[in-house]
Amino acid sequence: MARPKDRHPQTAEGDWYVDTLCIGCDASRQVAPGLIRTDDRGRSVFAHQPGNAEELEMAWRALLVCPTRSVGNEMLSRPYPAKYPHDLGDGVFRLGHNARSSFGAHSYLVARDAGNLMIDSPRWTREVYGPLEDMGGISDILLSHSDDVADAERYADRFGARVWMHSSDSEGTPFATDLLTGREPFKIRDDTLAWPVPGHTEGSVLYFVDEHLLFSGDSLAWNPHRGELIAFREACWYSWSEQRRSLAEVAASGPRFDRLFCGHGWSHDSTGESFHTLLGSLVAKMAE
Ligand SMILES: [Fe+2]
């Protein structure tokens, strides 16, 4: 739970607050845009108190997504209401409960008759595995790269799920059952395509579902302020030139996605044509 004694001095006056243990991962701002803002050091604070039912929902989602449990309400105690999995449409759900070990990366569930997919992992909690049991469990865990594994092993054990990952990132993940190799796209099943994109890490992978939903891990994200696709040069652990080459290949021959779901960074919906143009622009900029 958040710590009232560590309440951030810049968070808006009122019951909802953020404490100073926030690591500035951006997750709470992404689920509560406008309600939560950054301070001058990149940490989160409430811009104002929730003023209507929609903002109250956002505040709860921020509380439950925060990996350091830095979002709180001085008047409330557990049990908290269930706000995840959060239905994002197309059978995609944000799982919330982001893990500190993955620096607050988002994870997702894709609910399908062929078997539910978990993309990257939240922290291990009944608040996730309980609802997942009600939704039919998970058949496959798709890991985008080594940073965002979190508690995937416990979810795999619980549900008997296969775990997919690229061999170049798998050293710390001995429980992965299916290792991808090389740069060639690989069809995991009829509706799911794994596309290796070495760059952010050597074994980073994009996952396309139903040809138009893209789960990008930390290889690609949306910048809502500039209205463009971005890659994280300051957080590129393997090779920026390889990341550019990888994204150029996606732009040249990848599926035309219209929904982007990120590990870190902002997710976004657009048209396939628009994203295709923006991806081309990003690749050109990455050469500068
Ligand atoms: Fe990462």
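A short reminder: the numbers here are calculations on the coordinates, not readings from a lab. Keep in mind the model is a prediction, meaning the values are calculated, not measured. Cβ sites come from the backbone with ideal geometry, for glycine too, and all protein chains shown count toward neighbours.
What nm value, rounded to one decimal, do you get for the distance between E54 and M75 when each label is placed 7 Å out toward the C-beta?
Reported label-point gap for E54 and M75 is 2.2 nm.
Non-local amide H neighbours of L206 (under 5 Å, H modeled in plane, Pro and chain starts lacking H): which ones?
For L206, the qualifying residues are W195, V197.
With θ set to phi - 60° and the Karplus curve 6.51 cos²θ - 1.76 cosθ + 1.60, what are the ³J(HN,Hα) couplings of region 11-16 in order, to the nearest whole Hz, using x for Gly and Pro?
6, 4, 4, x, 5, 7
Stokes-Einstein D for the chain at 4 °C, 1.567 mPa s, Kirkwood Rh over Cα pairs, in µm²/s?
It diffuses with D of about 67 µm²/s by this estimate.
Around D210, with a cut-off of 10 angstrom between Cβ atoms, what is the net charge of the other residues, counting Lys and Arg +1 and Asp and Glu -1?
-2
At what distance in nm do the modelled label points of D113 and T173 sit from each other, each positioned 7 Å from its Cα along Cα→Cβ?
According to this spin-label approximation, the distance is 2.9 nm.
What residues have an amide H closer than 5 Å to that of I141, excluding those fewer than 5 places away on the same chain, when H is modeled at 1.01 Å from N in the peptide plane?
For I141, the qualifying residues are M118, R162, V163, W164.
Taking θ = phi - 60°, what integer Hz values does the Karplus form 6.51 cos²θ - 1.76 cosθ + 1.60 yield along region 64-79, in sequence order, with x for Gly and Pro?
8, 8, 5, x, 9, 6, 8, 9, x, 9, 5, 9, 10, 9, 5, x
Which Rg and Dmax, in Å, describe the Cα atoms of region 19-104?
Computed over the Cα atoms of region 19-104, radius of gyration and Dmax are 12.5, 37 Å.
What list of ³J(HN,Hα) couplings, whole Hz, do you get for region 18-35 from phi and the Karplus terms 6.51, -1.76, 1.60, once you set θ to phi - 60° and write x for glycine and proline?
3J(HN,Hα) across region 18-35, in whole Hz: 10, 9, 7, 7, 3, 9, x, 6, 5, 4, 5, 5, 6, 9, 9, x, x, 7.
When Lys and Arg each count +1 and Asp and Glu each count -1, what net charge do the other residues less than 12 Å away from R158, Cβ to Cβ, add up to?
-2
Report the extension gain between S274 and H225 in nm, rounded to one decimal, defined as 0.36 nm multiplied by the number of residues separating them, less their alpha carbon distance.
Numbers: separation 49, 0.36 × 49 = 17.64 nm, distance 1.66 nm.
Net length gain for the segment: 16.0 nm.
Test of understanding: what is the full-extension gain from M135 to D190, defined as 0.36 nm times their sequence separation minus their Cα-Cα distance?
The span from M135 to D190 would gain 17.7 nm if fully extended.
To make sure I understand the rule: partners must be lysines, Cα under 27 Å from the Cα of K83, and not fewer than 8 residues away in the same chain. Which ones qualify?
The reachable lysines, counting only those whose Cα sits under 27 Å from K83, are K5.
Neighbour counts of other C-beta atoms within 10 Å: give me E273, E127 arranged from fewest to most.
On the way: E273 10, E127 19.
So the ranking, lowest neighbour count to highest, is E273, E127.
Take every DSSP beta bridge with both residues inside region 86-286 and express the antiparallel ones as a percent of the total, to the nearest 5.
Percent antiparallel among DSSP bridges in region 86-286 is about 65.
Have a look at S204, S253, S274 and tell me which one the Gaussian network model of the chain (Cα, springs below 10 Å) gives the largest fluctuation.
S253
If each residue's Cβ is checked for other Cβ atoms within 10 Å, how do K187, K285, K83 rank with the fewest at the top?
Lowest to highest Cβ neighbour count: K187, K285, K83.
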